[in-house]
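Participant: Dropping the structure in here first, questions after.
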Amino acid sequence: MTTEAKTRDRGRSEPVLIKVNTKPVQLPDDHATGREIKDAAIAQGVKIQPDFVLSKEREGHKGKIVGDNDRIKLDEGDEFTAIGPDDNS
């Protein structure tokens, strides 16, 4: 991939709509850290806290934990679950 193509891929300016705890959350880019996802969700009214554990749901599999500093690629419609650190459910 050329440098121009890499820059173009990273320079996406279209928002991405995901779900956090079944609520829609819009992010400005197709890459975000776990912290950025939680911050956006909180700002958009999802009832979670910054210390909640975030996981990306995967069809047919257990969710994959996304740490606060983990930068991941987002696709339209991705679903995440955020639970309190003391929730054992």
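FYI, it's all coordinate maths here, none of it is from the lab. Values in this document were obtained by computation on a predicted structure and should not be read as measured data. So basically every Cβ, Gly included, is an ideal-geometry build from the backbone, and we count neighbours across all protein chains shown.
Participant: For Ala32, what residues show an amide H to amide H distance below 5 Å, using hydrogens built from the backbone and excluding near sequence neighbours?
Facilitator: HN-HN under 5 Å from Ala32: Ile72, Leu74.
Participant: Which of the trypsin sites (Lys or Arg not before Pro) found in segment 18-89 are in a DSSP loop and have at most 14 neighbouring Cβ atoms, other than their own, within 10 Å? Could the numbers behind the result be given before it?
Facilitator: Values: sites: Lys19, Arg35, Lys38, Lys47, Lys56, Arg58, Lys62, Lys64, Arg71, Lys73; in loops: Lys47.
When the trypsin sites (Lys or Arg not before Pro) of segment 18-89 are filtered for loop state and at most 14 Cβ neighbours within 10 Å, Lys47 remain.
Participant: Still on this structure, I have one more. For a test of the definition: using alpha carbon positions, the gyration tensor, and the 1.5 limit on a/c, classify segment 3-83 as rounded, prolate or oblate. Intermediate values should be presented prior to the final figure.
Facilitator: Values: a/c = 1.80, a/b = 1.53, b/c = 1.18.
Verdict is prolate for segment 3-83.
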